[in-house]
Amino acid sequence: MLSILRNLDRRLIFLMMLLAVAVPILLQSRFPEKPSGLAQAVFDEIEALQPGDRVLLAFDFDPASEGELGPMATSLTYHCAQKELRLYFMALWPVGPQMISNVIQDVIRRDFPHMVYGEDYVDLGFKSGGEGVIKVILTDLRQLYTTDARGTPLNRIPMLEDVTDIRQMDLIVSLSAGTPGTKEWVQYAVTPYPHDLRIVAGCTGIQAPLLYPYIPQQLPGLLGAIKGAAEYEELVMQAYAGEDPPARYAEARRRMGPQLVAHVLMILLIIAGNVVYFTEQKRGRR
Amino acid sequence: MQRSTMLWTLVMVVAAAFLIGRTLQGEGGRGSAYVRVVPRAVDEDHPEGRWQGVERVDPAEYWRAQAADPAQTAVRWSPANTVGIWLAALFTLAVLSFLAGDNPVYKVAESILVGVSAAYWMVVGFWEVLVPNLLGKLMPGVIQAWALPGLEAEPDLSYLVPLTLGVLLLWRLAPRGAWIGRWPMAFIIGVFCGLRLVTYIHADFLSQIRNSIVPLVVMNERGFAFWDSVRNVLTVFGMLACLVYFFFSIEHRGAVGKCARAGIWVLMITFGAAFGYTVMGRIALLAIRLEFLFDDWLWLIDPNNRRVVDGATALLQSAGIL
Amino acid sequence: MKRTIPFLIASVAGFVLIIAYFVPFAEGWGESVSIWFDVLAAIAFILGGGNLLKNHLQKVSARKPGWAYSAITVAAFALTLFAGLAKLGATPNPQYPASSAWSGAYRETGTVFWWIYEYAFVPLTATIFALLAFYVASAAFRAFRARNTEAALLLGTAFIILLGRTFAGVYLTSWLPDSLYGLRIENLSVDIMRVFVTAGNRAIMIGIALGTAAVSLKILLGVDRSYLGSGDE
């Protein structure tokens, strides 16, 4: 047994990982979700807003992190649309605009067809410069955004008529997979203007631990990795979707199935590796 | 080694044959994509729109439309998108083939990715920033007539500065005089330093100290909150212990050494948690790719009910009419 | 000349932004510098693409080993660039129906650029990142050893997080009575994040902040000019 473990071909480990993720997907296994405090905090921040309030949704991620952040984007947009908030989408990542298009297509146009572009939601598109962009739009939105992503001048967009800078937003929702992302939004927007701006965020697993020092003073709510997405999805669907929510709003909770099996596999692999190590150590000492 | 490579290649070939066979058998249509024709620029003179665009739709929508009116053309099969799905599946498998070892198929996929992503960034930078924010500021009339009919701006010559710096930056590509590229690089570095100097002190130094000033004895409406107090004490002293460990100007011996060791433990717990979260993230990324293969390509699963149709449509479908 | 002017540019740009932070009437200067920076960042994308093209074309023309892959990179680059810049497949902006197709969106569904994004860029980039799931598993088996207390702490925390962030954690310790609620794995994982991860990362954050501020100041004051490279090139 030990010799099998010692000589375990790494491709066999790959195969195990593939099966650990693939089988639960094929079986479509689902598990119950119990929302944690931080997911509840994100939900409560959005819940506290009034219809017509302005929310800036910064989509700073790309397809490489869509597995984690895509479901968050879907349920955050759904929640904001249910609350009848005015949505201002923007991106600091070049691929971010595609992520914005995805939620506009999959959430707003499918389930909220009454929402009017320019009155209820607007896509400001991408601007390069990361923190440089945040710095500018904090004091003057129009210097950088002459038109929206569709080429319409800002002063012809009703929901932007009286918006001069993003300090007028009632909440910033940052979805981030790295730099620039939530960290920059906290550093450059929220920290200097704590009385004007509030932020909640969703981020990848890699980023989540790095953002904890900002909680709760600078960042009241955070959805970390796919688990955070699943918890928030559960909260939003319980509150708004009724008995039979559309299947696409179960994406994060569905993905917790492969997550569980793969995590258990990881633990078993670590234990197996340690068994080999300590047995060999023992033999060596003898 | 060669034998095992052969074995794995065989496994791959069998798997590929199975997948292709599985795809070709049965009700057909696997990996197919459908689009809906969308009228654009609709007005009184053009109720059908001046021209038409397309939108991806679920297969179920196509089947429903066909069941209602077999002659309809508003929702139709899309050869371009179907080829796209197959290509995406092949790209996914090509990248996964790296697990069996480096191979030409993976290298081709990697080379394509490098080329496509560099060009993607350039195109996005050009249309979303350079056209509206540089050219549109310098010669708004030209840009309005050409690409941004909605642009309303007066020429702003201050944008000659970023234009000049940009030209100097691109000079780095020239065989001679690349040193001139240091000027815009110096500007970029200077801006980074200017932005970060104050912000890091404000958000990551002073604010973190302020965030750490919390009551060590927490009282709530029910009196002394033991666990909240323990949490606060551990957070504050954990952070201080880590800082002691980072402080290398004094030798880590005696009480300082013990404190630094506690700091290492806190850091190890931090790294352990980071590892756990990293694993979680990576698995989620794998899950979405496998979902694509099983759902969009092979139609083995249908988690979003994209191919769920009513009984009558299903009947027509099984009879091979749709 | 080759080193003094760049230093002055860096210093002036940096200090303008710092002053703008504290002096209200200088806010506009800071804004201008930031906008120039944002535009320059987009030009850097072109520099990146140009550099890639230059290197790969050199490799192809010199027939260096692996030049065929470089040729593929160049072809993919050229095709994507042409599709995007020429807005292939785009239709005019519906708000301005009289305008040409140049006013249309380069990335809307149906354009060639969108097709390349959807069916080449997305699967390739997402799968390359997904590969790491396999390597992290292999590395965990081979390298993650509880050799000493520190390693054991790291490993134990990873276990708690991996279990606590799925239903496995709930399942394994749901038998614990309510008085020991805090010891259930899912709650332990939350507390580890709230307490230890916050403490550890906060200390790291403070260290990085001080380091960043010190390096920035050294650059802006000209104490550190290493970013300008060596002398006469």
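Computed from the coordinates by the stated procedures, all read-outs in this text should not be read as laboratory data. Remember, predicted model here, so these are calculated numbers, not experimental data. No Cβ is skipped: glycine too gets one built from the backbone with ideal geometry, and neighbour counts run over all protein chains shown.
Per-residue HN-Hα couplings for the stretch B:177-192, Karplus 6.51 cos²θ - 1.76 cosθ + 1.60 at θ = phi - 60°, whole Hz, x for Gly and Pro?
Running phi through 6.51 cos²θ - 1.76 cosθ + 1.60 with θ = phi - 60° gives x, 4, 4, 5, x, 5, 4, x, 5, 5, 4, 4, 5, x, 5, 4 Hz.
To make sure I understand the rule: partners must be lysines, Cα under 30 Å from the Cα of C:Lys87, and not fewer than 8 residues away in the same chain. Which ones qualify?
A:Lys127, B:Lys107, B:Lys137, C:Lys54, C:Lys59
Please say if the protein assembly as shown is rounded, prolate or oblate, where rounded means a/c under 1.5 for a ≥ b ≥ c the square roots of the C-alpha gyration tensor eigenvalues, and otherwise the choice is prolate for a/b larger than b/c and oblate otherwise?
Because its axes are fairly even, with a/c under 1.5, the protein assembly as shown counts as rounded.
Given the options C:Leu176, C:Leu88, C:Leu220, which has the most mean-square fluctuation in a GNM of chain C, springs set between C-alpha atoms less than 10 angstrom apart?
Top of the fluctuation ranking is C:Leu176.
In deg cm²/dmol and to the nearest 500, what is the mean residue ellipticity at 222 nm of chain A if only DSSP H runs of at least 4 residues count, each as -39500 (n - 2.57), divided by the residue total?
Result for chain A, helices only: -13000 deg cm²/dmol.
With each label point set 7 Å from Cα along the Cα-Cβ vector, what nm distance links C:Ala68 and A:Gln40?
6.1 nm
Could you tell me which of A:Pro153, B:Leu170, C:Leu53 has its Cα farthest along the dipole of the protein assembly as shown towards the positive end, charges placed at Cβ (Lys, Arg +1; Asp, Glu -1), taken about the Cα centre?
Result: C:Leu53.
Run the dipole for the stretch B:1-152 about the Cα centre, Lys and Arg Cβ at +1, Asp and Glu Cβ at -1, nothing else charged, and hand back the magnitude in debye, nearest 20.
660 debye
As an exercise, use a Förster radius of 51 Å and the Cβ-Cβ distance of A:Arg167 and B:Met6 to find the FRET efficiency, rounded to the nearest 0.05.
0.20
In a Gaussian network model over chain A where Cα atoms closer than 10 Å are linked, find which of A:Val23, A:Val133, A:Val95 has the largest mean-square fluctuation.
A:Val23
How much mean residue ellipticity at 222 nm does chain C get from its helices, if each DSSP H run of length 4 or more adds -39500 (n - 2.57) and you divide by all residues, to the nearest 500 deg cm²/dmol?
-22000 deg cm²/dmol
So what's the gap between the Cα centers of the stretch A:202-234 and the stretch A:99-167, to the nearest angstrom?
Comparing the Cα centres of the stretch A:202-234 and the stretch A:99-167, I get a distance of 24 Å.
I'd like the mean, over residues of B:85-96, of how many other protein chain beta carbons sit within 10 Å of each residue's own Cβ.
Per residue, the number of nearby Cβ atoms from other chains is 5 on average.
Going by C-beta contacts inside 10 Å, put A:Lys282, C:Lys59 in order with the fewest on the left.
A:Lys282, C:Lys59
Report the calculated FRET efficiency for B:Arg261 and C:Ser226 (r = Cβ-Cβ distance, R0 = 30 Å), to the nearest 0.05.
About 0.30, to the nearest 0.05.
In peptide B:293-305, what is the residue-averaged number of other protein chain Cβ atoms found within 10 Å of each Cβ?
3
Per DSSP helix of 4 or more residues, -39500 (n - 2.57); summed, then divided by the residues of chain B. What does that give at 222 nm, rounded to the nearest 500?
-19000 deg cm²/dmol
Near the amide H of A:Leu57, under 5 Å away, which other amide H atoms are found, from residues 5 or more places off or on another chain, if H is placed in the peptide plane?
Those lying under 5 Å, H to H, from A:Leu57 are A:Tyr88, A:Phe89, A:Met90, A:Val173.
Compute the relative contact order of chain B as a whole-number percentage, counting only Cα pairs closer than 8 Å that sit 6 or more residues apart in sequence.
Relative contact order for chain B comes out at 17 percent.
Rank-order A:83-92, B:146-155, C:13-22 by packing density, defined as the average count of other C-beta atoms within 10 Å over each peptide's residues, highest first.
In descending order of packing, they fall as A:83-92, C:13-22, B:146-155.
Report the residues of the stretch B:60-100 in range of a label on B:Asp302: point 7 Å along Cα→C-beta, backbone N strictly under 13 Å from it.
Once the point is set 7 Å along Cα→Cβ of B:Asp302, B:60-64 turn out to lie under 13 Å by backbone N, inside the stretch B:60-100.
Round to the nearest 0.05 the FRET efficiency obtained for B:Arg56 and C:Leu85 when R0 = 22 Å and r is the Cβ-Cβ distance.
According to the calculation, E is roughly 0.35.
Would you tell me the mean number of C-beta atoms belonging to other protein chains that fall within 10 Å of each C-beta in A:271-280, as a whole number?
Counting other chains' Cβ atoms within 10 Å and averaging over A:271-280 gives 4.
Extending each Cα 7 Å along its Cβ direction at A:His114 and C:Ala151, get the distance between those two points in nm, one decimal.
Once both label points are built, they end up 6.2 nm from each other.
Set Lys and Arg Cβ to +1 and Asp and Glu Cβ to -1, take the dipole of the protein assembly as shown about its Cα centre, and tell me which of C:Pro24, B:Leu138, B:Thr235 lies farthest positive.
Positive-end residue among those listed: B:Thr235.
State the antiparallel share, in %, of DSSP beta bridges confined to the protein assembly as shown, rounding to the nearest 5.
Counting DSSP beta bridges with both partners in the protein assembly as shown, the antiparallel share is about 35 percent.
GNM on chain C, C-alpha springs below 10 Å: top fluctuator among C:Glu150, C:Glu118, C:Glu27?
Evaluated over chain C, the most mobile residue of the options is C:Glu150.
For the stretch B:143-212, rounded, prolate or oblate, judged on the Cα gyration tensor with a ≥ b ≥ c (square roots of eigenvalues), a/c < 1.5 rounded, else prolate if a/b > b/c?
oblate
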